[in-house]
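Enquirer: I'd like to ask some things about the structure below.
The values are calculated or read from the model by the stated rules, or taken from the named source; none is laboratory data. The structure presented is a predicted model; accordingly, all values stated were derived computationally and were not measured. Ideal geometry is used to build each Cβ from the backbone, glycine not excepted, and the neighbour counts take in all protein chains shown. In case anyone asks, the SASA skips ligands and DNA or RNA and just uses the protein heavy atoms, side chains included. Shrake-Rupley method; radii C 1.70, N 1.55, O 1.52, S 1.80 Å.
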Amino acid sequence: MTTTFSHVTVLLDEAVEALAVRPEGLYVDGTFGRGGHSRAILARLKSGSLLGFDKDPQAIQSGQALAAEDGRFVIVQRSFADIGEELLQRAWMGRTDGVLLDLGVSSPQLDDPERGFSFMHDGPLDMRMDPSRGISAAEWIATAPEDEISRVFKEYGEERFAKRMARAVVQRRDVTPFTRTADLAQVLTDANPAWEKGKHPATRAFQGIRIFINNELGDLERGLEAAFESLAIGGRLVVISFHSLEDRIVKLFMRRLAKGEADKLPRNLPIRTQAFEPRALLVGKPVYASEAELSVNPRSRSAVMRIAEKLR
């Protein structure tokens, strides 16, 4: 029996509005998930096309089903960090009218214990978006030095008790290796002396491991650059983030484009006037989920959407 895990798309209407979809335009959904945003974009297209990206094989199955229904849509199993390479092959570079990135983990990934993302459901300790590539969380935890585990908890999970929790993990793995999410979550909980009210003690450490295993921040930095370069003049980059590390990267990237890039150049180097000219316009203020959306989808509470429009 196959279990179906539902997914509620965050900031659905707001994101599609932000893209300012043109009926004949070329658009990219860099994080297809279960296709909520893609379907809404397709509903506004006529002769235009939409290209979807996702690493998750289950998301790819959903995307292939949509592609079979709608010839304007194509999906590829790649990270959105590879947008540049893919769009070059398709002659879309510099012609794309909009790119949407909805970051983070989808509800089906969190809710399916077999994916190993959640500390709330026991399952194999994996956490890979694409289980066919890279090493699992269990493999990494079995071999990583204590200081590396601590760094991952602190830098990517923003866990203030990172050292203490990493030490507990290493001490326990020397006796019995970690293979299950519930087991790791319990050790992390026991090692955490204080945590935020309403938040599981293992939340930040699990976040750190997931981000590290999937190279999420590295993919984001690479993907943002490629996505912006792919845009036509007037095209829009729309990004939905779910935690402060992602949002900080997005905010600084867009701010740099909006201010011009002269401040990136070495001192005493002659600077052309063009370097002071902004490459992007920041469209509106950051957008957050409405009270109505929060009432039906609590996971949207941490979402923040930022929009940039390409000027040159």
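Enquirer: For the list (1) closer than 30 Å to residue 28 by Cα; (2) part of a loop (DSSP other than H, G, I, E, B); (3) out of contact with any Asp or Glu (no Cβ under 9 Å at 6 or more places or on another chain); (4) not hydroxyl-bearing (Ser, Thr, Tyr), I need the number of the one condition that residue 98 fails.
Expert: (2)
Enquirer: Report, ordered by the first and then the second residue, all pairs with beta carbons closer than 8 Å, sequence separation of six or more or different chains, a first member in segment 283-311 that is free of Cβ contacts under 8 Å to residues at least 24 places away in the same chain, and a second member that is surrounded by 13 or more Cβ atoms within 10 Å (Cβ to Cβ) and of a type in the set (Ser, Thr, Tyr).
Expert: Matching pairs, first to second residue: 294/300.
Enquirer: Same structure, new question: Would you be able to tell me the number of residues in segment 175-197 that are open to solvent by less than 90 Å² (accessible area, probe 1.4 Å) and either part of a loop (DSSP other than H, G, I, E, B) or closer than 22 Å to residue 113 by Cβ (or both)?
Expert: Of the residues in segment 175-197, 16 are open to solvent by less than 90 Å² (accessible area, probe 1.4 Å) and either part of a loop (DSSP other than H, G, I, E, B) or closer than 22 Å to residue 113 by Cβ (or both).
Enquirer: Of all the residues that make up segment 236-259, how many are open to solvent by less than 20 Å² (accessible area, probe 1.4 Å) and not in a helix (DSSP H, G or I)?
Expert: Number of matching residues: 5.
Enquirer: So, in segment 115-174, exactly how many residues are of a type in the set (Lys, Arg), open to solvent by 70 Å² or more (accessible area, probe 1.4 Å) and closer than 26 Å to residue 60 by Cβ?
Expert: So the count comes out to 1.
Enquirer: How many residues are open to solvent by 40 Å² or more (accessible area, probe 1.4 Å) and of a type in the set (D, E, K, R) if we restrict to segment 198-216?
Expert: Of the residues in segment 198-216, 2 are open to solvent by 40 Å² or more (accessible area, probe 1.4 Å) and of a type in the set (D, E, K, R).
Enquirer: Of the residues 146, 158, which single one is touching a residue at least 60 places away in the same chain (Cβ under 8 Å), of a type in the set (Asp, Glu) and either out of contact with any Asp or Glu (no Cβ under 7 Å at 6 or more places or on another chain) or in the same structural domain as residue 299 (by the TED database) (or both)?
Expert: The match here is 158.
Enquirer: Within segment 39-61, how many residues are open to solvent by 30 Å² or more (accessible area, probe 1.4 Å), closer than 25 Å to residue 133 by Cβ and not in a loop (DSSP other than H, G, I, E, B)?
Expert: Of the residues in segment 39-61, 3 are open to solvent by 30 Å² or more (accessible area, probe 1.4 Å), closer than 25 Å to residue 133 by Cβ and not in a loop (DSSP other than H, G, I, E, B).
Enquirer: Provide a single number: the residues in segment 149-168 that are touching a Ser or Thr at 6+ places or on another chain (Cβ under 7 Å) and of a type in the set (Lys, Arg).
Expert: 1
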